[in-house]
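Just below is one structure, and these are the notes that go with it.
The values are calculated or read from the model by the stated rules, or taken from the named source; none is laboratory data. Keep in mind it's a predicted model, so treat the numbers as computed, not measured. Here the Cβ is made from the backbone with ideal geometry for all residues, glycine too, and neighbour counts use every protein chain on show. Calculation scope for accessible area: heavy atoms of the full protein, side chains included, ligands and nucleic acids excluded. Shrake-Rupley method; radii C 1.70, N 1.55, O 1.52, S 1.80 Å.
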Amino acid sequence: ACTGIENIDEAITLLEQNNWDLVAAINGVIPQENGILQSEYGVETLHGPAYGPSHSAAASSAPSSSSAFRHVVPSRQIVERQPRMLDFRVEYRDRNVDVVLEDSSSVGDIKHILENELQIPASKMLLKGWKTGDVDDSTVLKSLHLPKNNSLYVLTPDLPPPSSSHSGALQESLNQNFMLIVTHREVQREYNLNFSGSSTIQEVKRNVYDLTSIPVRHQLWEGWPSSATDDSMTLAVSGVTFPCHRLTVGRRSSPVQTREQSEEQCTDVHMVSDSDGDDFEDATEFGVDDGEMFGVASSALRKSPMMPENAENEGDALLQFTAEFSSRYGDCHPVYFIGSLEAAFQEAFYGKARDRKLLAIYLHHDESVLTNVFCSQMLCAESIVSYLSQNFITWAWDMTKEANRARFLTMCTRHFGSVVAQTIRTQKTDQFPLFLIIMGKRSSNEVLNVIQGNTTVDELMMRLMAAMEIFSAQQQEDIKDEDEREARENVKREQDEAYRISLEADRAKREAQEREMAEQFRLEQIRKEQEEEREAIRLSLEQSLPPEPKEESTESVSKLRIRTPSGEFFERRFLASSKLQVVFDFVASKGYPWEEYKLLGTFPRRDVTQLDPNKSLLEVKLYPQETLFLEAKE
């Protein structure tokens, strides 16, 4: 439809020349001014350069994902080989940018495209996620031998605050991130807090309460815009400047101080939060100190413990920890392993080398001022949650209660040694929460990193990725060793199997020989017994024969000449009145029983053994003489 090509063979040839990249194939044959560019909504025709005003506006308005494209110079003629197009999905915080460019481009070209999309200087970007390790801006993509689709990450650890030209722009999107720089007036301390545009002013004040221990009803604010008149307003519509806005908070001199009195003491716009005024009456009327009512003790009363004290079963304790964590910070959080620390070791370290992961141990502490910010802004960030779920087994423990703290230190000493346990023991409360990165080795477990709570999302991601690089190198060695060991074991198994088969064959052959010998012996015994029986019968028949009559006998005598199958002859005289059975017995006494042999006459040819054995020789016409021959029966 775009090119007017109707010949299917020509279309397939074009696609093969472009590695079956439809966009590159179309760009190679259509006119220069009608380039086809791919967008996140499909394929559409764009007139003019790829970075026109309308394109920039569309990119900035996308809430979570946008697409950037490098312009492809089309050719009017079919060439031997078109440049290979590569697709990159680049993640930066909660945004995804799709970049499509030729493999002849460099890494720096990607950064320049991202600079236009993300409004971040290319020099401040760290482009991570390359399969071949870190590369510099001059590296040509073709030299990296990349696949068609690639995923990268952008880290900006040294990024300065955005230029003031964007400070007064009103951001309507609820997905924008606002940085509130809150100064605690009494202690002269600054807090850099990140909030989404959908967060309310009330949520900001509650977070500041966790950091400063100033109850919401006693907070005296400076710096809120005049349009922020209601604590239920979201930051996106409150009028605060994007991306950074400075605020100052202090404690009201008196709990009953009015809004008008506060405003008279300030030259800027002040906000006295009284949204929680109905929650408590003035504590001083009941003899309760402000710090006791609204300080740390009040925070402990408002929240259920993350983990029961002296829990007998670690799995049950982790179930309560996960449930309480979800109730406080939402469902987007790391998936905590439910079970003992030993079971977590087993899951992470003791499977096949390809399935092993790093172990991340999160140590929570409710009394630390950093805990709430770390959990809500860093640990629950979508990029951190995704990276942990893919590469780590995450196990957690609550260090707030002394008994639970002592129990973990005992486990730590047993598994990691006294040095690591002492390091954790000396950590102050304000240094919590801690994030321990553990890598399993052949003989021991090594602590790669101890991350404290005073960090940023970018720094946390960088340290997780650095630990992953160390682990990946070790994992490749383990995979190689495991493959070699499995190859050796396979060879040994094959040899053992061949040896077993050989033994079985030899045994079967030996048993067959033994059976054959036994059969031969049995047959020999039968043959001997049969021969002995024959001999006994022959002797018995020989002894039972009547004496041979003499030639000069006065009685009629019949002379019989008998030929054996071997050609021998034997003769004997019988009385003509003797029965035919006597002849049979004589022949049997010579070893030719009539059951096995038949006695045949010559003229006429007849089977004598078929005649009545009780008839005389005279009656069967075997008188005065006859020649007979023996033949084995079939």
On the formula 1/(1 + (r/R0)^6), with r taken between the Cβ atoms of ASP331 and ARG189 and R0 of 35 Å, the FRET efficiency rounded to 0.05 is 0.65
Compute the distance from the alpha-carbon center of segment 519-555 to that of segment 597-628, in whole Å.
22
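So for segment 172-251, what percent of the C-alpha to C-alpha distances run longer than 14 Å? Don't skip to the end; give the middle numbers.
On the way: 1815 of 3160 pairs.
When all Cα pairs of segment 172-251 are counted, 57 percent exceed 14 Å.
Counting other C-beta atoms within 10 Å, and keeping those with at most 12, which DSSP coil trypsin sites (Lys or Arg not before Pro) do you find in segment 364-455? Mind showing how you got there, number by number?
Values: sites: LYS401, ARG405, ARG407, ARG414, ARG425, LYS428, LYS441, ARG442; in loops: LYS401, LYS428, LYS441, ARG442.
Qualifying residues, ordered by number: LYS428, LYS441, ARG442.
What accessible area per residue, rounded to a whole number of Å², is obtained for segment 314-447 using a probe radius of 1.4 Å?
For segment 314-447, the solvent-accessible area averages 41 Å² per residue.
Leaving ligands and nucleic acids out of the surface, order CYS412, CYS2 by accessible area at 1.4 Å, largest first. Let's see the in-between values first.
Numbers: CYS412 0, CYS2 85 Å².
The residues order as CYS2, CYS412, largest area first.
Can you tell me which of 503-509, 451-457, 584-590 comes out highest on packing, and rank the rest after it, using the mean Cβ neighbours within 10 Å? Present the calculation step by step, with values, prior to reporting the outcome.
Details: 503-509: 10.0, 451-457: 17.0, 584-590: 20.1.
In decreasing order of mean packing, 503-509, 451-457, 584-590 become 584-590, 451-457, 503-509.
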Please turn the phi angles of segment 492-497 into ³J(HN,Hα) values with the Karplus equation 6.51 cos²θ - 1.76 cosθ + 1.60 (θ = phi - 60°), one per residue in order, whole Hz, x for glycine and proline.
5, 5, 5, 5, 4, 5
How high is the FRET efficiency between ASP103 and SER198 when r is their beta carbon distance and R₀ equals 45 Å, given to the nearest 0.05?
0.65
Enumerate the amide H contacts of LEU448 below 5 Å, restricted to partners 5 or more residues apart or on another chain; note that Pro and chain-start residues carry no placed amide H.
ILE437, ILE438, MET439
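Mind scanning LYS550/LYS615; LYS590/LYS633; LYS128/LYS428 and naming the pairs with a C-alpha gap bigger than 27 Å? Working shown, then result.
Values: LYS550/LYS615 22 Å; LYS590/LYS633 17 Å; LYS128/LYS428 34 Å.
Beyond 27 Å: LYS128/LYS428.
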Averaging sequence separations of C-alpha pairs under 8 Å and six or more residues apart, then dividing by the length of segment 496-634, give the relative contact order as a whole percent.
25
Counting only Cα, what are the radius of gyration and maximum Cα-Cα distance Dmax of segment 314-447, in Å?
14.3, 41
Where Rh is the Kirkwood radius over the Cα pairs of segment 85-155, the temperature 10 °C and the viscosity 1.306 mPa s, what D in µm²/s does Stokes-Einstein return?
132
So, for the Cα atoms of segment 557-632, Rg and Dmax in Å stand at 11.0, 30
Could you please state, rounded to a whole Å, how far the C-alpha centre of segment 91-126 is from the C-alpha centre of segment 431-493?
29
What does the extension gain come out to for ALA406 and GLN422, with contour length at 0.36 nm per residue minus their alpha carbon separation?
4.6 nm
At 0.36 nm per residue, and after removing the present C-alpha to C-alpha distance, how many nm does the segment from GLU309 to GLN625 gain when stretched out fully?
100.9 nm
Among 481-494, 555-568, 239-252, how do they line up by average Cβ neighbours within 10 Å per residue, starting with the highest?
239-252, 555-568, 481-494
Binning at 10 angstrom from zero up to the longest distance, how are the C-alpha pair distances of segment 414-524 distributed in percent?
11, 21, 18, 12, 10, 9, 8, 6, 4, 1, 0
Can you list the lysines whose alpha carbon sits under 19 Å from that of LYS131, skipping same-chain ones fewer than 8 residues off?
LYS111, LYS142, LYS148, LYS357, LYS480
